[in-house]
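S.K.: Here it is, the structure in full.
The values are calculated or read from the model by the stated rules, or taken from the named source; none is laboratory data. Values in this document were obtained by computation on a predicted structure and should not be read as measured data. As a convention, Cβ positions derive from the backbone with ideal geometry for all residues, glycine included, and neighbour counts pool all protein chains shown. Ligands, DNA and RNA are stripped out before the accessible areas are found, and what is left, the full protein with its side chains, is counted by its heavy atoms. Shrake-Rupley method; radii C 1.70, N 1.55, O 1.52, S 1.80 Å.
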Amino acid sequence: MNQRFSRNILFAAACLCLAGSALAEINAKFAVTLPEKSHQGQGVARFVELVAQKSNGNIKIKPFYNAALGNDVQVTSSLQGGTIEFTVPQTTTLTGMVRQFEVLDYPFLFDSEQEAEAVLDGAIGKALLATLPAKGLVGLGFWENGFFNFTNSKHPITRLEDFQGLKLRAVQAKISQESVKALGANPVPLAVPELYTALETKTVDGQGTPTAVIAALKLNEAQKYLSNTRHAYGAFIPLVSKKFWDKLSEADRKILLDAALEARTYQRQVARAQARSAQDAMAAKGLIVNEVAAGERARMRQKMKPVWAMFDPEVGPALVKDVAAEIAKVRGK
């Protein structure tokens, strides 16, 4: 009788273990704005692959590309509500809830990718990420969108005066709109999914995004000129819903953090390679490309100083000073 009882106990325990294993499988959705072959999309694909490897297939993440689940603002809100688990918007999306992120959108702030990395991957980046859990989000680091350049259907932009009168798409954030105004153009706030149609119908004359994104969204089909203004640097931020994050074990959280870090290195390499190849490919299809002289970029930067001053109080003078100090270190090497 005791032996039968023992066997029953062992059998029940084995069933519970099997049930526990089945319940331990984690399924999640990853909302992605850009196409799968974009630098953003490839970074997400690499992240998903790494998570699957590191979790032995236990964490299954399904990407939804081409803004299938909504634009960045909508999806970020869904993460806060816990209905979507992952997304990777540009940091600009977060400025409405955490003003400090606006410092990354200061026009003509960075001159090189190395300057951006020094800020994003160091103490300043960590401090920015630390603000997010209170907003229902967890940040896994920073990926690269790249330097922004303007396209338009009217004429090349070779000097500051060429912005006058242009209707340019602005990101749905005040600093983007104020930057366009300061250059002498008219800002038109639009989300990414609306951009191609707006350019095609001439609702706007042009827009400013990284070269690889211009190619990924095929915006060159509705534009004639690409001017390498390098007027802003865009960073993506892989985000996790805190409601989802709080349910994970420490081991699973470490898997996600490690995978995001590994994917970052890969994604940045892809972003930089795509920026080079995208410009060549679009030029071959008829897009007229021009460089902007350093002196003209300096004039444009000078026009941005009032914009910086406008946002310094809400960003925080101490943070602005710290960012400038990190950039100065890189420039001094």
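S.K.: Inspect the stretch 131-146 for any residue being within 16 Å of the chain's Cα centre (by Cα) and open to solvent by 50 Å² or more (accessible area, probe 1.4 Å) and give the result as yes or no.
M.R.: There is no residue in the stretch 131-146 that is within 16 Å of the chain's Cα centre (by Cα) and open to solvent by 50 Å² or more (accessible area, probe 1.4 Å).
S.K.: Can you confirm whether the stretch 6-22 contains a residue that is modelled with pLDDT of 90 or more, part of a helix (DSSP H, G or I), more than 22 Å from residue 209 (Cα to Cα) and of a type in the set (Lys, Arg)?
M.R.: Within the stretch 6-22 (the criterion being modelled with pLDDT of 90 or more, part of a helix (DSSP H, G or I), more than 22 Å from residue 209 (Cα to Cα) and of a type in the set (Lys, Arg)), the answer is no, since none of the residues qualifies.
S.K.: Restricting to the stretch 53-70, count the residues that are assigned to a loop (DSSP other than H, G, I, E, B) and crowded, with 18+ Cβ neighbours inside 10 Å.
M.R.: 5
S.K.: For residue 322, are the conditions met, namely being within 13 Å of residue 215 (Cα to Cα), among the acidic types (Asp, Glu) and either part of a helix (DSSP H, G or I) or without any contact (Cβ under 8 Å) to a residue 24 or more places away in the chain (or both)?
M.R.: Answer is no for this residue.
S.K.: Shifting gears a bit: Restricting the stretch 231-251 to residues that are open to solvent by less than 30 Å² (accessible area, probe 1.4 Å) and farther than 14 Å from residue 138 by Cα, which is nearest to the chain's Cα centre (by Cα)?
M.R.: 235
S.K.: Which residue, of 268, 253, is within 22 Å of residue 84 (Cβ to Cβ) and either among the hydrophobic types (A, V, I, L, M, F, W, C) or at pLDDT 95 or above (or both)?
M.R.: 253
S.K.: What is the number of the single condition among (1) in contact (Cβ under 8 Å) with a residue 40 or more places away in the chain; (2) open to solvent by 10 Å² or more (accessible area, probe 1.4 Å); (3) part of a loop (DSSP other than H, G, I, E, B) that residue 215 does not meet?
M.R.: Single failed check for residue 215: (3).
S.K.: Let me ask something additional. For the subset of the stretch 284-309 comprising residues that are among the aliphatic types (A, V, I, L, M), open to solvent by 40 Å² or more (accessible area, probe 1.4 Å) and touching a residue at least 12 places away in the same chain (Cβ under 8 Å), which member is farthest from residue 219 (Cα to Cα)?
M.R.: The residue in question is 293.
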